[in-house]
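Engineer: Before I ask anything, here is the structure I am working with.
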Amino acid sequence: MYMSVCELAARLTRAPEVLVFRSGSKGTEPEILYQTGFSFDRIPQGFCGPPLEFTGNQLLNIPDVSKVGSFSAHPLSEHLPKVKSLIAANLAQVGKDEPIIILIANPEPDVFENAETLVILQVMVKMIAQLQVIPH
């Protein structure tokens, strides 16, 4: 399931790196569910902090991470300084405090200007959220 989601998102946005992970509740480490292009052994502490905090299933679109002050302190910028732009969304909720998040890094620049692509991605996120995906 997560492999299909990653590959579909990567094709749709022409992004080299896509990561799906469960954020983990307080005191537990986030869990990688699938990744393509990334090479995380584990999710760094603080990964789910600003700007990657989600409520609902809206897309977080950041065409230029250098213009987001909170991103410079985010572990993603420290571990992967090549991330210049990203799209992220909460795919599903496991329990009370464990969202499953998709992070699409460095999509093609025209993706941010193409409303149709973003709408398709939003619909995909909503459909997956409605399935209430529970990892096995």
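Please treat every number below as a calculation from the coordinates, not as lab data. Computed from a predicted structure; not experimentally measured. Virtual Cβ from ideal backbone geometry, glycine too; neighbours counted across all protein chains shown.
Engineer: What distance in nm lies between label points placed 7 Å from Cα along the C-beta direction at residue 84 and residue 113?
Structural biologist: 1.4 nm
Engineer: Say each of residue 29 and residue 70 gets a label point 7 Å from the Cα, pointing the same way as Cα to Cβ; how far apart are those two points in nm?
Structural biologist: Between residue 29 and residue 70, the label points sit 2.5 nm apart.
Engineer: Then there is this: Subtracting the Cα-Cα distance from 0.36 nm times the residue separation, let me have the gained length for residue 8 to residue 120 in nm, one decimal. Could you put the intermediate results ahead of the total?
Structural biologist: Values: separation 112, 0.36 × 112 = 40.32 nm, distance 1.09 nm.
Length gained between residue 8 and residue 120: 39.2 nm.
Engineer: Can you tell me the length gained on complete extension of the stretch residue 59 to residue 42, counting 0.36 nm per residue apart and subtracting the Cα distance?
Structural biologist: Details: separation 17, 0.36 × 17 = 6.12 nm, distance 2.37 nm.
Contour length minus Cα-Cα distance gives 3.7 nm.
Engineer: Using modelled backbone amide H atoms (1.01 Å from N, in-plane), which distant-in-sequence or interchain residues come within less than 5 Å of residue 48's amide H?
Structural biologist: none
Engineer: Using modelled amide H (1.01 Å from N, peptide plane; none on Pro or chain starts), what sits under 5 Å from the amide H of residue 38, excluding residues fewer than 5 places away?
Structural biologist: 18
Engineer: Additional query: Under 19 Å between alpha carbons, and skipping anything fewer than 8 positions from residue 82 in its own chain: which aspartates and glutamates qualify?
Structural biologist: List returned: 17, 41, 64, 108, 110.
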